[in-house]
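The values are calculated or read from the model by the stated rules, or taken from the named source; none is laboratory data. A quick note: this is a predicted structure, and the numbers were derived from the prediction, not measured. Positions of Cβ are backbone-derived with ideal geometry, glycine not excepted, and every protein chain shown enters the neighbour counts.
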Amino acid sequence: MSNLDTTPPARNTRSQTTSTPQCSSTPQAATPATEPTLTEIMTAINALKSSVNQQITDTNSSFHARFTQNDERFNDLLGRLATLESTSRPSSHQPIPRSAPVSPTTHHQTQQTQTTAEVHPSSTENLISNSAADVSLNTESGWWDAQFRAARQDGRGASRQPQDARAREAQSGGYNQAPPPDKVLLCNPKHLGEYAGDPALLKDFIGRAHDIARMNPSRAWEMAVRAAIPAALKDSAANWHKGLTDDEITSMASLDAYFKAMRKAFPVNRSELRKVAQGRQWDPHKETAMAYSFDKVKLLRQVYGQGADENYIVSETLEGLNAQMRAIVRVPRDDYTVSALRIELGEQEPLWRNLTGTRIGD
């Protein structure tokens, strides 16, 4: 009886023990994260924009500083090269006045000064290698330097032209150096043809020389053509030139004066030349209408000069054609020029030859 009273009941022991771990294993709810406000987002964007703009500004400043440094190195390289050229040439010593005594000490100091002015080639090589490394494509900075230098050379960016070191040397102390020689042009006399003294052929010779001279408007080329004329003269024309005095040659300083003297020495019969020009007719069995117009216009301008009336030249050229060809050629009245006539001849001649069956060489 006593044992039953002291023993506690055990009917609810299993349920209590199993309920305890269930309560401890229940997960707690997570707290939700706060979303950023619009003000915070705009502040972050502005900070990012400021950082990017600052980086761009710093990069541009670095580029411009590197360009300036490269220009300075380039100018320094030109100066050193000019110094090397001047020291490699034999220097012309200035004569010392007789009133000033010559001492061995002064001569020794002069030699020492000249030796000091020399630049060792190794320093120039180092400078060239450093300058080349600045624009090398092997590094990132060198690639940008090359791109911007190419853009400035193409005219897409602002550039500073480096001052020529030789110009600086000439302004500072190059008074004892001879000026650079002028460019000499030479004309081959074979290009002028030959002239033996026939007055009827003088116009052709002068026209040939004038045509070659006007292809280059420089004074040096005109003098080159003038200097080649004596070698192109033969027979009586060569004898005429050999008999000229020095004063007469001096008076023929320009090419126009030379032509004027030749026209005076070999006068042409203008009436005969006019008859030849007006009597020139087109022979369709031997030449094209275009070739005829070239020769006809040349003869007419030899008679009446370069300023001859264009309408008269066109009319005379048309008169030299046969009647059938002249009937189909239509030169516009508002463009009555030699160029328009030649265009019309080039278009109508094949049609005329097909209609008439005329061929060159028949």
Determine whether the range 309-330 contains at least one residue that is more than 24 Å from R274 (Cα to Cα), in a loop (DSSP other than H, G, I, E, B) and out of contact with any His (no Cβ under 7 Å at 6 or more places or on another chain). yes
Specify which of the listed residues (D362, D334) is assigned to a loop (DSSP other than H, G, I, E, B) and among the acidic types (D, E). D362
Kindly check whether there is at least one residue in the range 281-302 that is over 40 Å from the mean Cα position of the chain (by Cα), closer than 30 Å to A227 by Cα and either among the β-branched types (V, I, T) or in a helix (DSSP H, G or I) (or both). no
Among all residue pairs at least 6 apart or on different chains, which show Cβ distances below 8 Å where the first residue, located in the range 203-221, is touching a residue at least 60 places away in the same chain (Cβ under 8 Å) and assigned to a helix (DSSP H, G or I) and the second is surrounded by 15 or more Cβ atoms within 10 Å (Cβ to Cβ) and hydrophobic (A, V, I, L, M, F, W, C)? K203/V268; K203/L273
Pick from the range 294-340 the residues that are of a type in the set (S, T, Y) and more than 26 Å from R353 (Cα to Cα): which of them is modelled with the lowest pLDDT? Y304
Return a yes/no flag: does the range 230-247 have any residue that is in a helix (DSSP H, G or I), more than 30 Å from T356 (Cα to Cα), basic (K, R) and at pLDDT below 85. no
Taking the stated definitions as given, is A237 surrounded by 15 or more Cβ atoms within 10 Å (Cβ to Cβ), over 21 Å from G305 (Cβ atoms) and in contact with a Cys (Cβ under 7 Å, 6 or more places away or on another chain)? no
Among (1) exposed (fewer than 15 other Cβ atoms within 10 Å of the Cβ); (2) farther than 30 Å from R219 by Cβ; (3) more than 44 Å from the chain's Cα centre (by Cα), there is one condition P267 misses while meeting the rest; what is its number? (2)
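Yes or no, residue by residue, for (1) surrounded by 14 or more Cβ atoms within 10 Å (Cβ to Cβ); (2) in the same structural domain as F205 (by TED's automatic domain parsing); (3) of a type in the set (F, W, Y); (4) closer than 26 Å to R326 by Cα:
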| position | (1), (2), (3), (4) |
| --- | --- |
| A227 | no, yes, no, no |
| Y258 | yes, yes, yes, no |
| M262 | yes, yes, no, no |
| T288 | yes, no, no, yes |
| K298 | yes, no, no, yes |
| A308 | yes, no, no, yes |
| Y312 | no, no, yes, yes |
I'm trying to understand the selection: among the residues of the range 316-362, which are among the charged types (D, E, K, R) and either over 12 Å from T288 (Cβ atoms) or in contact with an Asp or Glu (Cβ under 9 Å, 6 or more places away or on another chain) (or both)? E316, E319, R326, R330, R333, D334, D335, E344, E347, D362
